[in-house]
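The values are calculated or read from the model by the stated rules, or taken from the named source; none is laboratory data. Predicted, not measured: the structure shown is a model, and the values here were computed from it. Neighbour counts run over all protein chains shown; Cβ positions are idealised from the backbone, glycine included.
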Amino acid sequence: MTKNETLNSGVTKAVIPAAGLGTRFLPATKATPKEMLPIVDKPAIQYVVEEASASGLQDVLVIIGRNKGNIVDHFDSVPELEIALEKKDDANKLERVRAVSEIADVHMLRQGQPLGLGHAVLCARQHVGDSSFAVLLGDDLIDERDPLLPQMIAEHDKRQATVIALMEVPEESIHLYGCADVETTEDPSVVRVKSLVEKPDAASAPSNLAVIGRYVLRPEIFELLEKQGPGRGGEIQLTDALNTLAESDSDSVGPVYGVLFKGRRYDTGDKADWIKANLRLGVENEDFGAELKDWIRDFASNLES
Ligand code: UTP
């Protein structure tokens, strides 16, 4: 798919929910949002905003919650820092600092209470209006070498339908995700979603296909979220509203399709995955990647099992 196809799409807005409590990463996330934890030298959410922009989505709405003020600050310009870097003649750092506030047109909206991902998406209703839009979870990193969102937007445009991202996970991990029951389509990388269930036990899971944090949604989702009562964990679940769509036969809102993702992805809200993301991206760093690789080799060879 060419970049122009993405840019010509009706999908122009991205919503990034970043208002969760981040309880899996406590105590680091007591006062700092998990989306602001650094992966090498950028906060996780910066990679996600960069991905939206690289996918042709310049209008980005971040849903923020408690303690999320530093997300707002991160995407603002900081004149005093820029002046200090200018005085130090540090053009490289100055460029990198300035670039953050120029990645996209970033808007912020507060979710008063963390009532769930579905509720966070519903908060975006007025900003999004009556168009399809993308949702990118702020703690879910898709490696830029394995682009996923442009393919999802193309599938949305082609099928005029809701598109979610699915990834095979080990059976023992499916209880951590939304899980999809699917059937094949003419395209081996796309499935039709028959139903979805949030965080099922391995024994009752319909497959090992996990829902990961990229969605291309049609505006009809807002009606469903409005009516959606609390689900698993007492939260308003996006998965439950998507399941209503997937199970309905109504062609007026279109079916739900899943793009099968086989690339590199990091759940930066999980401690072990956050460390892995830092190592995998750290070894690519042009300043210290080689040194880090040598250290990892040495460290691994001395590891006791
Ligand atoms: P998670 O379930 O990963 O977030 O939500 P969480 O609740 O913060 O995580 P833990 O389990 O307590 O560590 C998926 C995404 O939805 C956002 C989160 O910020 C994350 O990006 N979210 C979740 C909201 O924006 N609002 C909510 O009410 C819940």
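Of the residues examined, L141 is one that is buried (at least 23 other Cβ atoms within 10 Å of the Cβ) and either of a type outside the set (S, T, Y) or away from the ligand (no atom under 16 Å from the Cβ) (or both).
Against the list (1) within 16 Å of the ligand (Cβ to nearest atom); (2) surrounded by fewer than 17 Cβ atoms within 10 Å (Cβ to Cβ); (3) free of Cβ contacts under 8 Å to residues at least 60 places away in the same chain, the condition H127 fails is (3). In the condition set (1) within 16 Å of the ligand (Cβ to nearest atom); (2) of a type outside the set (D, E, K, R); (3) outside any strand (DSSP E or B), V135 is compliant with all but (3).
For the range 5-24, filtered to residues that are assigned to a loop (DSSP other than H, G, I, E, B) and modelled with pLDDT of 90 or more, the residue that is surrounded by the most Cβ atoms within 10 Å (Cβ to Cβ) is A19. Would a scan of the range 159-174 turn up a residue that is farther than 26 Å from T268 by Cβ, among the basic types (K, R), modelled with pLDDT under 95 and more than 20 Å from the chain's Cα centre (by Cα)? Within the range 159-174, one or more residues are farther than 26 Å from T268 by Cβ, among the basic types (K, R), modelled with pLDDT under 95 and more than 20 Å from the chain's Cα centre (by Cα). If you scan the range 160-191, which residues turn out to be surrounded by fewer than 17 Cβ atoms within 10 Å (Cβ to Cβ) and assigned to a strand (DSSP E or B)? Of everything in the range 160-191, those that are surrounded by fewer than 17 Cβ atoms within 10 Å (Cβ to Cβ) and assigned to a strand (DSSP E or B) turn out to be E168, E183, T184. For the range 192-211, the candidate set comprises residues that are part of a strand (DSSP E or B) and among the small types (G, A, S); within that set, the residue that is nearest to L245 (Cα to Cα) is S195.
Against the test of being out of contact with any Pro (no Cβ under 9 Å at 6 or more places or on another chain), assigned to a loop (DSSP other than H, G, I, E, B), within 21 Å of Y266 (Cα to Cα) and within 16 Å of the ligand (Cβ to nearest atom), the options P27, P114 yield a single qualifying residue, P27. Is it the case that some residue within the range 37-59 is among the hydrophobic types (A, V, I, L, M, F, W, C), outside any strand (DSSP E or B), within 11 Å of the ligand (Cβ to nearest atom) and farther than 30 Å from K158 by Cα? Scanning the range 37-59 turns up at least one residue that is among the hydrophobic types (A, V, I, L, M, F, W, C), outside any strand (DSSP E or B), within 11 Å of the ligand (Cβ to nearest atom) and farther than 30 Å from K158 by Cα. Name the residues in the range 190-228 that are among the acidic types (D, E) and farther than 11 Å from L238 by Cβ, would you? Passing the criteria: D201, E220, E223, E226.
If only residues of the range 68-111 that are buried (at least 16 other Cβ atoms within 10 Å of the Cβ) and closer than 18 Å to A31 by Cα are counted, the one that is nearest to the ligand (Cβ to nearest atom) is Q111.
Among the residues examined, A120 qualifies as within 14 Å of the ligand (Cβ to nearest atom), among the hydrophobic types (A, V, I, L, M, F, W, C), touching a residue at least 40 places away in the same chain (Cβ under 8 Å) and crowded, with 16+ Cβ neighbours inside 10 Å.
When restricted to residues that are within 16 Å of the ligand (Cβ to nearest atom) and within 30 Å of S55 (Cα to Cα), the range 199-221 contains 9. Within the range 254-263, none of the residues are among the aliphatic types (A, V, I, L, M), surrounded by 13 or more Cβ atoms within 10 Å (Cβ to Cβ) and at pLDDT below 95.
For the range 292-305, the set of residues classified as surrounded by 12 or more Cβ atoms within 10 Å (Cβ to Cβ) and either touching a residue at least 12 places away in the same chain (Cβ under 8 Å) or not aromatic (F, W, Y) (or both) consists of L292, K293, I296, listed by residue number.
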